[in-house]
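S.K.: Quick one: the structure is below, and I'll ask about it shortly.
The values are calculated or read from the model by the stated rules, or taken from the named source; none is laboratory data. In this text the structure is predicted, and so the values were computed from the model without any measurement. Surface areas here come from the heavy atoms of the whole protein model, side chains and all, with no ligands, DNA or RNA. Shrake-Rupley method; radii C 1.70, N 1.55, O 1.52, S 1.80 Å.
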Amino acid sequence: MINQAASEKAMTAKPPEKSATDRPAQRRSKLLSLIKKAGLRGLLVTNPKNVTYLTGFSGDDSYLVVTPEKTVLLTDSRFTTQVEQECPGLPYETRTARKPMAELVGAFFKSSGNFSLGFESQHVSFALHHDWANRLKSITLVPTTDLVEQLRCIKDASEIAETREAVQMAQRGFEVVKSLFVPEMTEAAIAADLEHAMRRFGAAKVAFDPIIAVGPRAALPHARAGNSQLSEAGFVLLDWGASTPKGYKSDITRVVATGKVPAQIEKAYRVVLAAQLAAIALIRPGASCQEIDTAARKVIEDAGYGKYFGHGLGHGIGLDVHENPRFSPISTDELKVGQIVTVEPGIYFPELGGIRIEDDVLVTKDGHEVLTSLPKSFEEFQARR
């Protein structure tokens, strides 16, 4: 049964601020249109980020049922107070330790009759699907892909503001850590200090494990911070981001010269920066993500470094650090107003090192706005402490 006491309490309570409560409801309304378009009667949302996006609930281990008749959060008893605080007025059902979530799902739909229920196929294991199928005999389970993510890729004003905060937290943390550089500092120490600094500036956590790579290790696009010291090479690559308390991420990459830099690395830096600027200049509503990727890739290929750039040019960012849309040679995405994307071309020389420069960019109605502001000119790259 839906928690009636909570619902009655919400009905008599003072209405929350409109801006705080309407956004999840508006998102659910848009989702219902997508559900109907897909020929479904409802959707069982299991991706925690999607649950948060549609409700404002920041806990975990919870599902959301969305149908034209009702929207109900399925959670457990640990989160009763949290649900009432974060989602006033949202109906919910709770389970205890004696009732697994699959049983709560089965009980909820027990008397629902025959209808098609969508589920998030990218977030449901085969075992869980099998369990649901055994419990929901009268319901047709239909796999769906990216229904909620279609909505998430376009940010509203509050999400854009959150991302701006995440960018500032990351940039301020970087400036602090850069000022602490000494020759004996290790990659791991830089990563730890960077997280500490971002948290002091308000971040809830890092957006992802920072990639800190000295010299030759910068040829590894996803290098793990280790024990290499700054003194072992003349440059270090940092790829990092902050996550706000509401979960929105930033993602930035800079390369810092800490000593004598190999001539090939200096040349590659100029090429990567030119490629990034060429791509950013093309960002606008309706622009093809494939064509933007091609523009950056052409700059690198014309310089003779095409084989050293293998990954996509960038991606969307939000509650996840990797979201739609995607920049790549095979992307079919087109940019839309309100999307926030990364632009991060790179050149990687095995055993010598790599260069990657990354900024977070908002697609605006008139074109774009680069949200990141850390210097990246060639002169800044050359600057020594």
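S.K.: Over region 77-211, what relative contact order in percent results from Cα pairs under 8 Å that are six or more residues apart?
M.R.: 17 percent.
S.K.: Please report, as a whole percent, how much of the solvent-accessible surface of region 40-97 comes from carbon and sulfur atoms (probe radius 1.4 Å).
M.R.: Carbon and sulfur: 46 percent of the exposed surface of region 40-97.
S.K.: Something else now. If I take every Cα pair under 8 Å that is 6 or more residues apart in the chain, average their sequence separation and divide by the length, what percent do I get for the relative contact order?
M.R.: 13 percent
S.K.: Another question, if that's okay. Rounded to whole Hz and in sequence order, give me ³J(HN,Hα) for region 364-378 from the Karplus expression 6.51 cos²θ - 1.76 cosθ + 1.60, θ = phi - 60°, writing x for Gly and Pro.
M.R.: Values, residue by residue: 10, 5, 9, x, 7, 9, 7, 7, 7, 9, 5, x, 9, 5, 4 Hz.
S.K.: Rounded, prolate or oblate, given the Cα gyration tensor of region 240-297, with a/c below 1.5 counting as rounded?
M.R.: Taking the square roots of the gyration eigenvalues as a ≥ b ≥ c, region 240-297 is oblate.
S.K.: Please list, in chain and number order, the residues 5+ apart from residue 95 or on another chain whose amide H is under 5 Å from its amide H, with Hs placed from the backbone.
M.R.: Sorted by chain and number, the residues that satisfy this are 75, 76, 77.
S.K.: Could you work out [θ]222 nm for the chain from helices alone, using -39500 (n - 2.57) per DSSP H run of at least four and dividing by all its residues? Round to the nearest 500 deg cm²/dmol.
M.R.: Calculated mean residue ellipticity at 222 nm is -11500 deg cm²/dmol.
S.K.: How big is the antiparallel share of DSSP beta bridges in the chain, given as a percent to the nearest 5?
M.R.: Taking every DSSP beta bridge with both residues in the chain, the antiparallel ones total about 75 percent.
S.K.: Can you spot the lysines whose alpha carbon is less than 28 Å from residue 376's alpha carbon? Ignore those fewer than 8 places along the same chain.
M.R.: Partners within reach: 155, 178, 205, 249, 260, 267, 298, 307, 336, 365.
S.K.: What does the convex hull of the alpha-carbon atoms of region 220-370 project to on average, in nm²?
M.R.: Hull-based average projected area comes out at 9.3 nm².
S.K.: Out of residues 5 or more away from residue 353 or on other chains, whose amide H comes under 5 Å of its own, with H placed 1.01 Å from N in the peptide plane?
M.R.: Under 5 Å from the amide H of residue 353: 219.
S.K.: Ignoring ligands and nucleic acids, what accessible area does residue 211 show with a 1.4 Å probe (Å², nearest 10)?
M.R.: 10 Å²
S.K.: Could you derive backbone 3J(HN,Hα) for region 342-357 from the dihedral phi with the Karplus parameters 6.51, -1.76 and 1.60 (θ = phi - 60°), listing whole Hz in sequence and x where the residue is Gly or Pro?
M.R.: Result, ordered by residue: 9, 10, 9, x, x, 10, 10, 9, x, 6, 10, x, x, 10, 9, 10 Hz.
S.K.: Related question: Tell me, what are the semi-axes, in whole angstrom and largest first, of the equivalent ellipsoid of region 98-207 as set by the roots of 5 times the Cα gyration tensor eigenvalues?
M.R.: Taking √(5λ) for each Cα gyration eigenvalue gives 46, 18, 12 Å.
S.K.: Show me, for region 94-107, the HN-Hα J-couplings you get by feeding each phi into the Karplus relation (A = 6.51, B = -1.76, C = 1.60, θ = phi - 60°), rounded to Hz, glycine and proline as x.
M.R.: Along region 94-107, the couplings run 10, 10, 10, 5, 7, 10, x, 4, 4, 5, 5, 4, x, 5 Hz.
S.K.: Another question about this same structure. Evaluate 2.2 N^0.38 Å with N set to the residue count of region 280-338, then give the Cα radius of gyration divided by it.
M.R.: Ratio of Cα Rg to 2.2 N^0.38 Å: 1.15.
S.K.: Restricting things to alpha carbons, find the Rg to Rh ratio for region 170-271 using the Kirkwood radius for Rh.
M.R.: 0.98
S.K.: Moving on. Which cross-chain or sequence-distant (5 or more) residues have an amide H under 5 Å from the amide H of residue 376, H modelled 1.01 Å from N in plane?
M.R.: Those qualifying (amide H under 5 Å, at least 5 residues apart or on another chain) number zero.
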